[in-house]
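Data block below; observations after.
The values are calculated or read from the model by the stated rules, or taken from the named source; none is laboratory data. Quick caveat, the model's predicted, so the values are computed rather than measured. A quick note on method: Cβ atoms are made from the backbone with ideal geometry, for glycine too, and the neighbour counts reach across all protein chains shown. When the accessible area is computed, the model is the full protein with side chains, heavy atoms only, and any ligands, DNA or RNA have been set aside. Shrake-Rupley method; radii C 1.70, N 1.55, O 1.52, S 1.80 Å.
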Amino acid sequence: MIPVRICFYRDYGGPDVLEFGDVDAPRPEAGQVLVRMAAASLTPFDCKLRAGGLKAYFSPAFPNTPGRDGTGTVVALGPGVGTVQIGDRVCVMTPGTRAPGTCSELLACDIGLVVPLPDALSIVEGASLVNASLSAWTCAVRVAGVKAGDKVLVHAGAGAVGGLLVQLCRHLGADVTATCRSTNKDYVLSLGAGKAIAYDQDEFTTLEPQDIVFDLMGADVHARSYQVLKRDGHLVYLTAAPIVDRGAEFGVTVTRAMIVDDPEAVAPILALAANGKIKPQVARTLPLSEVAQAHRLMEAGEVTRGRLVLTI
Ligand SMILES: NC(=O)c1ccc[n+]([C@@H]2O[C@H](COP(=O)([O-])OP(=O)(O)OC[C@H]3O[C@@H](n4cnc5c(N)ncnc54)[C@H](OP(=O)(O)O)[C@@H]3O)[C@@H](O)[C@H]2O)c1
């Protein structure tokens with residue numbers, strides 16, 4: 001067996017629990033393809049899971065290999081994988097926190113969680129889009145049904161999900177406002193927001209009434225968002241951070257967007273990116289060998305303007 005290098009952690013803890021080791025190469029079973037991983041994205045979820053902050057919701061298998069999505073090239077096929085071929089460039093998702101993660105040189109991937117990577121996109125661009133697409137597509141298209149002319153407020157517009165939401169809502173013809181730190185105002189305007197509000201300087205509650213608010217922050221941001229919604233407006237939130245549903249009081253619909261791994265939420269965004277309608281946002285790249293430093297940067301709030309992508 002050829003050894004395969006993986007990143008893993010044996011128990012919850014700080015970024016220093018991340019280590020490397022060799023395992024036997026996985027074999028693709030029926031319905032799986034073997035992917036030589038080239039890139040994996042780092043998301044807030046990865047950091048929260050590693051730190052033990054999601055114990056109430058997930059029971060990861062230990063040792064746990066982090067990374068819930070990424071890109072690579074198909075190098076072997078199990079039976080029953082349809083038209084996918086060796087050499088195809090693909091985006092992959094992993095089936096939950098008990099499955100091996102993408103911070104690995106080789107990964108056996110369920111064909112139902114594999115999406116072709118368009119030729120026009122690099123491996124890093126693809127990795128920056130997979131996980132963020134799930135949230136952005138689910139929130140904007142499936143839950144809110146954003147349409148031309150809607151007034152939409154996107155919180156955290158400089159983040160990976162928020163930046164994609166800004167671009168997608170703009171593409172759908174909405175009139176978009178985004179919140180971000182003051183030094184990112186020009187950045188979110190460049191993504192297509194018509195207005196940017198600095199959360200560290202200004203108050204977003206003075207904004208004219210909105211049809212839809214996407215709350216990616218929870219807590220106080222959620223509480224104050226009711227004030228900027230039109231009656232019959234829609235507050236769509238992502239995080240499980242403490243929120244109090246005041247929908248009935250304000251006459252608005254409040255929906256928690258449930259994000260599940262779904263190629264049909266990723267493929268349309270990849271197509272928009274391949275056609276130049278959406279620009280992938282890569283905050284920075286680091287080699288997988290620096291994964292602990294990547295986690296530290298994310299926890300320090302120093303990953304901004306898109307996704308941090310680990311190259312493998
Ligand atoms: N429930 C789910 O399934 C699910 C799925 C995906 C994401 N999420 C959650 O959604 C959030 C965003 O995810 P992400 O991947 O986009 O994270 P990210 O790339 O790390 O972006 C987070 C952004 O939050 C912004 N921010 C911090 N404080 C803010 C405030 N008070 N007001 C407005 N923006 C603020 C920061 O903006 P600046 O850079 O401008 O400071 C940063 O860019 C995370 O909390 C994540 O856990 C949940």
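Tell me which residues, restricted to the stretch 33-71, are open to solvent by 10 Å² or more (accessible area, probe 1.4 Å), within 23 Å of ILE111 (Cβ to Cβ) and under 17 Å from the mean Cα position of the chain (by Cα).
Listed by number, the list holds a single entry, ARG68.
Kindly establish whether VAL254 is within 19 Å of the chain's Cα centre (by Cα) and closer than 30 Å to ASP220 by Cα.
No; evaluated as a whole, the condition is false for this residue.
Looking only at the stretch 231-259, filter to residues that are touching a strand residue (DSSP E or B) at 6+ places or on another chain (Cβ under 9 Å) and in contact (Cβ under 8 Å) with a residue 60 or more places away in the chain; which one of those is farthest from the ligand (Cβ to nearest atom)?
HIS234
Residue check, CYS7 against (1) part of a loop (DSSP other than H, G, I, E, B); (2) away from the ligand (no atom under 16 Å from the Cβ), all met but one. Which one?
(1)
Among the residues of the stretch 185-197, which ones are assigned to a helix (DSSP H, G or I) and either among the aromatic types (Phe, Trp, Tyr) or open to solvent by 10 Å² or more (accessible area, probe 1.4 Å) (or both)?
Once the filter is applied, which keeps residues that are assigned to a helix (DSSP H, G or I) and either among the aromatic types (Phe, Trp, Tyr) or open to solvent by 10 Å² or more (accessible area, probe 1.4 Å) (or both), the stretch 185-197 yields LYS185, ASP186, TYR187, LEU189, SER190.
Grab the strands (runs of 3 or more DSSP E) fully contained in the stretch 57-170, keeping just those with 1 or more residues being closer than 30 Å to THR304 by Cβ and not assigned by TED's automatic domain parsing to the domain that holds VAL213.
69-77, 89-93, 106-110, 114-116
For VAL166, work out the one condition from (1) among the hydrophobic types (A, V, I, L, M, F, W, C); (2) over 24 Å from MET298 (Cα atoms); (3) in contact with a Leu (Cβ under 9 Å, 6 or more places away or on another chain) it doesn't fulfil.
The single condition VAL166 does not satisfy is (2).
From the list ILE123, ILE111, exactly one residue is over 17 Å from the mean Cα position of the chain (by Cα), more than 16 Å from the ligand (Cβ to nearest atom) and not small (Gly, Ala, Ser). Which is it? Reasoning before the result, please.
Working: ILE123 fails: over 17 Å from the mean Cα position of the chain (by Cα).
That would be ILE111, the only listed residue that is over 17 Å from the mean Cα position of the chain (by Cα), more than 16 Å from the ligand (Cβ to nearest atom) and not small (Gly, Ala, Ser).
Can you name every residue in the stretch 125-178 that is open to solvent by less than 10 Å² (accessible area, probe 1.4 Å) and without any contact (Cβ under 8 Å) to a residue 60 or more places away in the chain?
GLY157, GLY162, LEU165, VAL166, CYS169, ALA174, VAL176, THR177, ALA178
Could you grab me the full set of residues in the stretch 1-51 that are charged (D, E, K, R) and free of Cβ contacts under 8 Å to residues at least 40 places away in the same chain?
GLU19, ASP22, ASP24, LYS48, listed by residue number.
Residue check: is ASP46 away from the ligand (no atom under 16 Å from the Cβ) and either in contact with a strand residue (DSSP E or B) (Cβ under 7 Å, 6 or more places away or on another chain) or not assigned by TED's automatic domain parsing to the domain that holds ALA241 (or both)? So that I can check it myself, show each step before the final result.
Values: away from the ligand (no atom under 16 Å from the Cβ): no; either in contact with a strand residue (DSSP E or B) (Cβ under 7 Å, 6 or more places away or on another chain) or not assigned by TED's automatic domain parsing to the domain that holds ALA241 (or both): yes.
No: the conditions fail for ASP46.
Which one of the conditions (1) without any contact (Cβ under 8 Å) to a residue 60 or more places away in the chain; (2) in contact with a strand residue (DSSP E or B) (Cβ under 8 Å, 6 or more places away or on another chain); (3) crowded, with 16+ Cβ neighbours inside 10 Å does SER182 fail to meet, given that it meets all the rest?
The failed condition is (3).
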